[in-house]
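Undergrad: Sharing a structure, written as structure tokens. Questions coming.
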Amino acid sequence: MAILDLEHNAVVIRIVYDGPARAGKTTSVRALGRSLLRVVDTPEEVAGRTLFFDWMEYTGGLFEGHQIRCQIVSVPGQPDLGARRRALLATADVVVFVADTSDRPSVARSVEHVREMQEIIRASDDLPVGVIVQANKRDLPGAVPRDEIRAALGDDFARTALTESVAESGVGIRETFVFAVRLALDRIRELMERGELPRGRPAVDSAEQLLAALDDVPVQMPSQLGAAEDLASVVLAAAEPPPRLPDSRVVPSGGIWPPVEGRIVLHEASSTGLIARRIPDGDWLAGMGTVWRAHSSAATVFDQFDGARQALVVWARAHAAHAELLSPSRCVVVAEAAPGIWRLWQIVKLTPPLRAWIVNAVEPDGADELFARLVEAAALLGDAHAQYAGTRLQPTLDTVGRGPRGAQFVALMPGPFSEPAPRSPDVVAQVRRELSQLIASELSAQRADLARAAGQAGAQRSPWTEVVATAVSAW
Amino acid sequence: MPAEKQIVESFEKVAAEIPGFIAAALVDVESGMTLGMKSLRADFDLAAASAYNSEMVKQKHKIMRALSLKTTLEDMLITLGDQIHLIKMVSPTTFIYLAADRASTNLAIVRVAVNKNLALFT
């Protein structure tokens, strides 16, 4: 899919992370995101399994005077989603094959998978696509020796680069990525020499556009996925045509809240070219890969404008009642989804939640800064629990951010007709649990440094310092 | 090639030996991508600087080929009004790019500190 985008003076390449389920593709891409200080978008994930892809963009380096814009994509590893995997592999300029090398059976499974991958990329283009085998999970005690991996890969891969990694802690991830860029550039050089490098804007230039493209790819019904029902609803939903999104030019009078600022918010959001897609619970969501989220619940569809308008009033009251707690740049709008069908949409400009703010501190600020952020996040979460008492707002690391006056709710607002989610009475335990999970999933490599930072935070200890210190040691 | 974490730690060591250290990166010549970096100044766009300096290294190699020079490029020293920039080849495929404040240091100190720690980057 490489393309020369002369408008932006960039050569656009796609690096696809492939590999069997649970080999560490998503973990690798997320570790790379932390290293490059970039955000990874994962459109759909069920029980820690990628259903579509992970997406990240990075512009860096130069090639023949053009910037190198990398689209970094990982494929779903489950066999049932093979069609999506093939569709993504067919667009690769280079493949980083993440192999699980923690034991011999895993290596055997990875070898089977890598051969399958080779067949796919051979079939899709006459110009060879570079492949790097990234031997992952090298820190595990039973990890298979490098020579044995080479032998298992066989003669077909004798000249394929083999790198080693521990994706959880980020070891080997950036080197592999830079190596992959080099291989992709070799391919581009060849395409240029042949006069075959296309020019123009990439057909797919965002996670949202890729998602829209993949929605048309059929998948088999799941057989091995734990949360099969969720996947089934994703698959079946693809058949329903997407509703028209709200347009600031045709929103009827009284169809938007807040009346003036709402139109500005809607104008800004719709100018980014939002694409709606169905999500597992039957709702529609738009804005993947942008700073906007537009959401329309399956429960807010009406056959008359008046009905939608009445619902808008209720939603507007709920927003107004919580205005002090919410992040800015929001609106609720009624839009004609199809002739005679009205939908209520909630549109929010995203601001980073506490989780992103903490994770982005991993590099380059070090453990002390990271620990300080964890403590501040714990305090903000504690405040949010107190402020949101009696509301439907659920304070979590993904819904609360840092506002000018402390904690602010940064996520989509729960519907005014929804049941309030049960809330744990023990706020401290709840905050500690969330932080422990975050440390285990995203900050495991920093745990030792965090423990040291916790020990050194003696002079300015607050009750939340203790909570974070316990969360660090509990994991 | 050392891991990213080792590269950052090695640059911390180099930074401690160079007064006026601003930023440094280990850069892939071919792509201009950084393999690891350390910056003390938030306004110094090290990724962009590394990318453009990789072009300079490639151009220098091109010049050497044009002149049929049968030797290797070791380093490139650049003196700006208020900064010193050093490009030190670590291997045929990677180089260190380092920027330091000219008022606080000099080329000799920068060069000695980088050469002394060069093995950490191979």
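The values are calculated or read from the model by the stated rules, or taken from the named source; none is laboratory data. Small disclaimer: the values here were computed from a predicted structure and weren't measured. Positions of Cβ are generated from backbone atoms using ideal geometry, with glycine treated the same way; all protein chains shown enter the neighbour counts. All accessible areas refer to the heavy atoms of the entire protein, side chains included, with ligands and DNA or RNA removed. Shrake-Rupley method; radii C 1.70, N 1.55, O 1.52, S 1.80 Å.
Undergrad: Cut-off 10 angstrom, C-alpha nodes, Gaussian network model of chain B. Which of B:15, B:42, B:100 fluctuates the most?
TA: B:42
Undergrad: On average, how many beta carbons from a partner chain sit within 10 Å of the beta carbon of a residue in A:170-181? Walk me through the intermediate numbers first.
TA: On the way: counts 3, 4, 3, 2, 9, 8, 0, 4, 14, 7, 2, 5.
The per-residue average across the peptide is 5.
Undergrad: For Cα pairs less than 8 Å apart in space and 6+ apart in sequence, what is the mean separation divided by the residue count of the stretch B:1-95, i.e. the relative contact order in percent? Walk me through the numbers before you get to the answer.
TA: Numbers: 109 pairs, mean separation 22.0, N = 95.
Relative contact order, the stretch B:1-95: 23 percent.
Undergrad: A further question on this structure: How much of residue A:464 can a 1.4 Å solvent probe reach, expressed as accessible area in Å² and rounded to 10?
TA: Accessible area of residue A:464: about 50 Å².
Undergrad: Between residue A:473 and residue A:419, what FRET efficiency follows from the Cβ-Cβ distance if R0 is 30 Å, with the result rounded to 0.05?
TA: Details: r = 36 Å, r/R0 = 1.20.
Between residue A:473 and residue A:419 the formula returns 0.25.
Undergrad: Same structure, new question: For the stretch A:249-309 and the stretch A:386-454, what is the separation of their C-alpha centers, rounded to whole Å?
TA: 27
Undergrad: A follow-up question, please. Hey, what number do you get for the protein assembly as shown at 222 nm if only DSSP H runs of n ≥ 4 count, each worth -39500 (n - 2.57), divided across all residues, to the nearest 500?
TA: Details: 17 runs with 228 residues, N = 597.
Calculated mean residue ellipticity at 222 nm is -12000 deg cm²/dmol.
Undergrad: If you don't mind, another one. Along the three principal axes, how long is the stretch A:376-475 when you take its alpha carbons, biggest first, rounded to the nearest angstrom?
TA: 46, 26, 24
Undergrad: What ranking of A:139, A:283 comes out by heavy-atom accessible area, probe 1.4 Å, highest first? Please report the intermediate quantities before stating the final value.
TA: On the way: A:139 95, A:283 15 Å².
Putting A:139, A:283 in descending order of accessible area: A:139, A:283.
Undergrad: Could I ask something else about it? Check every DSSP H run in chain A and write down those whose alpha carbon atoms cover 15 angstrom or more along the long axis and whose mean Kyte-Doolittle hydropathy is 0.5 or greater. Don't jump to the answer; show the numbers that get you there.
TA: On the way: long enough: A:25-36 (16 Å, -0.22); A:104-124 (30 Å, -0.58); A:173-194 (32 Å, 0.12); A:305-321 (24 Å, 0.31); A:366-387 (31 Å, 0.40); A:427-442 (22 Å, 0.23); A:463-474 (16 Å, 0.82).
Those that pass (Cα extent of 15 Å or more, hydropathy at least 0.5) are A:463-474.
Undergrad: Follow-up. Highest mean first, what order results for A:407-419, B:29-41 on Cβ atoms within 10 Å? Intermediate values should be presented prior to the final figure.
TA: Working: A:407-419: 18.2, B:29-41: 21.8.
Most protected by this proxy first, the peptides run B:29-41, A:407-419.
Undergrad: Be a star and scan the stretch B:3-30 for residues whose amide nitrogen sits under 16 Å from the point 7 Å along the Cα-to-Cβ vector of residue B:112.
TA: Residues B:14-21 fall inside that zone.
Undergrad: Here's another thing I want to ask about it. Hey, can you rank B:111-117, A:182-188 by average C-beta count inside 10 Å, highest first? Present the calculation step by step, with values, prior to reporting the outcome.
TA: Working: B:111-117: 16.0, A:182-188: 21.6.
Answer by packing, highest mean first, reads A:182-188, B:111-117.
Undergrad: Okay, next question. Once you have a ≥ b ≥ c as the square roots of the Cα gyration tensor eigenvalues for the stretch A:279-326, tell me rounded if a/c is under 1.5, and otherwise prolate or oblate according to whether a/b is larger than b/c.
TA: Values: a/c = 2.33, a/b = 1.09, b/c = 2.14.
Since a/c reaches 1.5 but b/c is at least a/b, the shape of the stretch A:279-326 is classed as oblate.
Undergrad: While we're looking at this one, here's another question. About its Cα centre, how strong a charge dipole does the stretch A:400-450 have in debye, to the nearest 20, once Lys and Arg get +1 and Asp and Glu get -1 at the Cβ? It would help to have the intermediate numbers written out before the result.
TA: Details: 6 positive and 5 negative charges, 31 e Å.
The dipole of the stretch A:400-450 has a size of about 140 debye.
Undergrad: Skipping prolines and chain starts, which residues have an amide H placed within reach, meaning under 5 Å, of the one on residue B:83, given they are 5 or more residues away or on another chain?
TA: HN-HN under 5 Å from residue B:83: B:102.
Undergrad: Choose one of B:115, B:73, B:94: the residue whose Cα lies farthest towards the positive end of the charge dipole of the stretch B:33-122 (beta-carbon charges +1 Lys, Arg; -1 Asp, Glu; about the Cα centre).
TA: Farthest along the dipole direction, towards plus: B:73.
Undergrad: Quick check: from the Cα gyration tensor, does chain A come out rounded (a/c under 1.5), prolate or oblate?
TA: oblate
Undergrad: Given a cut-off of 32 Å, name the pairs among A:137/B:70; A:25/B:5; A:349/B:13; A:25/B:38; A:25/A:349; B:13/B:70 whose C-alpha atoms lie farther apart than that in the structure shown. Each step should come with its number before you reach the end.
TA: Numbers: A:137/B:70 43 Å; A:25/B:5 20 Å; A:349/B:13 42 Å; A:25/B:38 27 Å; A:25/A:349 29 Å; B:13/B:70 34 Å.
Those over the limit are A:137/B:70; A:349/B:13; B:13/B:70.
Undergrad: Rounded to the nearest 0.05, what FRET efficiency is calculated for residue A:433 and residue B:6 with R0 set to 35 Å and r the Cβ-Cβ distance?
TA: Values: r = 34 Å, r/R0 = 0.98.
So, using R0 = 35 Å, E works out to roughly 0.55.
Undergrad: Could you give the size of the charge dipole of chain A about its Cα centre, using +1 on the Cβ of each K and R and -1 on the Cβ of each D and E, expressed in debye and rounded to the nearest 20?
TA: Using Cβ point charges on Lys, Arg, Asp and Glu, chain A gives about 680 debye.
Undergrad: Please calculate the 1.4 Å probe accessible area of residue A:467, with all protein chains present, and give it to the nearest 10 Å².
TA: 10
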